[in-house]
Protein chains: 2
Amino acid sequence: MRGDNGGPLDGVRVVDLTRVLAGPFCSMVLADLGAEVIKVEYPGRGDDARAFGPHVQGESTYFMSLNRNKKGITLNLKKPAGKGILQSLVKKADILLENFRPGTMEALGLGYEELARVNPKLIYASCSGFGQTGPLRDRPAYDLIVQAMGGIMSLTGAPGGPPTRVGSSIGDITAGLFTAIGVLAALQARERTGRGQKVDVSMLDCQVAILENAITRYLVTGELPTRVGNRHPSITPFAVFPGSDGYFIVAAGNDTLWEKLCRVIGREDLLGNPLFATNASRTENHQELLEALEGTFSTKSTGYWLERLQEAGIPCGPILGVDEVCRHPQVLAREMIVELDHPKAGRIKVPGCPVKFSETNRTTTDPAPTLGQHNREVLGGILGLKPGEIENLERDGVVSFS
Amino acid sequence: MRGDNGGPLDGVRVVDLTRVLAGPFCSMVLADLGAEVIKVEYPGRGDDARAFGPHVQGESTYFMSLNRNKKGITLNLKKPAGKGILQSLVKKADILLENFRPGTMEALGLGYEELARVNPKLIYASCSGFGQTGPLRDRPAYDLIVQAMGGIMSLTGAPGGPPTRVGSSIGDITAGLFTAIGVLAALQARERTGRGQKVDVSMLDCQVAILENAITRYLVTGELPTRVGNRHPSITPFAVFPGSDGYFIVAAGNDTLWEKLCRVIGREDLLGNPLFATNASRTENHQELLEALEGTFSTKSTGYWLERLQEAGIPCGPILGVDEVCRHPQVLAREMIVELDHPKAGRIKVPGCPVKFSETNRTTTDPAPTLGQHNREVLGGILGLKPGEIENLERDGVVSFS
């Protein structure tokens, strides 16, 4: 059952109790890297994300994207038989992932201490809104709440405008990435010590971590970092500009590039202006400068400008919509859009894995499981349960096949 | 030299050629987890980030935040002696990280093939703007450019407004996180195969990966995801609201919470309004609904409302500035602000590691190196060079001590 998908984590087994986004993003990354992820869902209902539209043939696109390459079983963890099966699985697993509210696993009798007794080599990772400790540990969190409390919204948006949500759920996603890093580091520690351990990741902590130098800058200077919008705070012009049909980026980081830029867009007049003579003065007078450039850029299309800037060797780029991202030659060349065959939804496309290995790329992209799809394979194949035993479990509501 | 910092990666040695942000963020995470990171900088000048202000006693806060827990040596990789020393270090290392433009390492004679001959167990990770392959491989990228080309800016900001840069450099940071995941996965593969390999991460690919379900949603429905600003696209009210003195979040995800919310803020009148009877109708009529709530919320402070909402069990939260993040009790309880002693800059604070282990947390936070600080320790201690040999290297401009 384990092995042979070619990924670097081939042979690593993950029991995955996570739901919705942060945890499933973590187990998606591990699965993309070849880990055998056994997703455990509540019988009959499954992961809440199965309800998130749009659906194709009854299958959630949201769920299918995040849960590719995983196996799926159902298990009622409140029933003793369900608990027993989970413990048997844990005995044969390397990693357990959960993103319930702190205390939930303990209340189920499935806390770290209990499961470490079953398997001392187990790595048990919890991903929660605020972490397993601290005054807010019991509070629920959503992506929007941790983006707000972690400071990144205060830095995103136009100067003078309202704080702005990042348009992708990075509150969840960065927590998923750090959790993946945590379990992989714990696997490495286990090679040395022979023992597993508990890994505790908080969505809020991860938001703090990605503020990086803003934290130290503030604590050293006492100056509050604020929203600077779409320009670089200390390099000019390094900003978003409007063409006649959309927006694009120009990143002219030094005097040579500035001079080239003025010539290629026919604004040699700006070169003589002492307000714009150095990067420091350009930054000080950014408002006048950006307005002058916007006046010129808005007369022609973004494609027109990007071609000329590119030719002149001035760093620049388009601002792409999701449609353009999906058909961009570089994105396609890197296999960042992957097609897979789903048993119900048919052929669908999902984003690819952004880590490319010279020797150990996962060779297949398997579809997300339908609810309970791998019950027989996992309960029979890994745990050795007989067909009749599995039928009994179904009859007792411990597992379900849809 | 190796060992005993208590982290899960204790004993793992990283030779780190990376500069500025994406690569150094990756090696920062590895160092926070206990890896011995030997940062290699150009003699006399060092990492470009050393020039990024503000500075304290001549030391860059930006650099100090990102390079804590690392050792620093200088090495001119264009000189044969510098190259030889790098190869000797690689022989004794587990991981090499680089974020030059593709082709640079090969031109130096330090490409993967060359270094794998020196150490077949080496994991060699490259983090670049567009990756080692594809039509754009040779182009330079900045955070702003990959945020723009990766789609996230098209999803960030107010509906009808311009695309908006995320206020933290997530183009760099997510690439750093995925590179860390890549090298840890390759370490795991090496336990099985005994061999190292090359890991190739592109900043653009990572932006595509964090769009997650937006990709599949678009490809299935053909509907282009756009900016929805500060509200949830399908749950209402789940949005940013203005108090009299700032903004805050209310996340009332179902009818029960909606009813509680109306009562607690004294807007029972909204409960009788058929426009707002269900989540679907609230979402359809979100403009009227949000305006009605804003009218009430703007009359009192955010603190006032958050206290009442919290008491009523309605998910909510403040939108914090970096100053408030740095003193938030939950952030402090989680040790997400860490103090360290820098030999020149004195006591400074940096963000902590957001992965907490039950058994193997790194026990110290060491300051970022001054330029060439660990030349003697690394060249003498690890490679066994004699003091006279190191002096000769300095005389020949192969290393520098500042």
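The values are calculated or read from the model by the stated rules, or taken from the named source; none is laboratory data. The structure presented is a predicted model; accordingly, all values stated were derived computationally and were not measured. Cβ: placed from backbone, ideal geometry, glycine included. Neighbour counts: every protein chain shown.
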- Item | Within the stretch B:73-144, helices (runs of 4 or more DSSP H) holding 2 or more residues that are surrounded by 20 or more Cβ atoms within 10 Å (Cβ to Cβ) | B:80-91, B:112-118
- Among the listed residues B:V322, B:V350, which satisfies the condition of being in contact with a Phe, Trp or Tyr (Cβ under 7 Å, 6 or more places away or on another chain), of a type in the set (V, I, T) and within 15 Å of A:T216 (Cβ to Cβ)? B:V322
- Taking the stretch A:242-264 and the residues there that are assigned to a strand (DSSP E or B) and facing chain B (nearest Cβ under 10 Å), the one that is surrounded by the most Cβ atoms within 10 Å (Cβ to Cβ) would be A:I249
- Task: Give the stretch B:201-212 a look and list any residue that's crowded, with 24+ Cβ neighbours inside 10 Å and at the interface with another protein chain (Cβ under 7 Å from one of its Cβ atoms), or say none.
- Result: B:V201, B:S202, B:L204, B:D205, B:C206, B:V208, B:A209, B:I210, B:L211
- Note on the structure: Across (1) in contact (Cβ under 8 Å) with a residue 12 or more places away in the chain; (2) closer than 30 Å to A:R195 by Cα; (3) hydroxyl-bearing (S, T, Y), B:S358 clears everything bar (1)
- So is A:P24 of a type outside the set (A, V, I, L, M, F, W, C) and surrounded by fewer than 24 Cβ atoms within 10 Å (Cβ to Cβ) or not? no
- Query: Taking B:R50 and the conditions (1) part of a helix (DSSP H, G or I); (2) within 28 Å of B:N361 (Cβ to Cβ), which numbered condition does it fall short on, given that it satisfies the others?
  - Reply: (2)
- Which condition does A:F178 not pass, out of (1) buried (at least 23 other Cβ atoms within 10 Å of the Cβ); (2) within 23 Å of B:A141 (Cα to Cα); (3) at pLDDT 95 or above, if it passes all the others? (2)
- Note on the structure: Picked from the stretch B:341-363 (must be of a type in the set (A, V, I, L, M, F, W, C) and in contact with an Asp or Glu (Cβ under 7 Å, 6 or more places away or on another chain)), the residue modelled with the lowest pLDDT is B:A345
- Item | Residue identified as within 14 Å of chain A (Cβ to nearest Cβ), under 19 Å from B:T365 (Cβ atoms), at pLDDT below 95 and surrounded by fewer than 24 Cβ atoms within 10 Å (Cβ to Cβ) among B:G3, B:G11 | B:G3
- Note on the structure: Filtering the stretch B:54-67 for residues that are surrounded by fewer than 23 Cβ atoms within 10 Å (Cβ to Cβ) and within 17 Å of B:H374 (Cβ to Cβ) leaves a count of 1
- Query: Take the residues of the stretch A:213-236 that are more than 7 Å from every other protein chain (Cβ to nearest Cβ) and surrounded by fewer than 16 Cβ atoms within 10 Å (Cβ to Cβ): which is farthest from A:T283 (Cα to Cα)?
  - Reply: A:G222
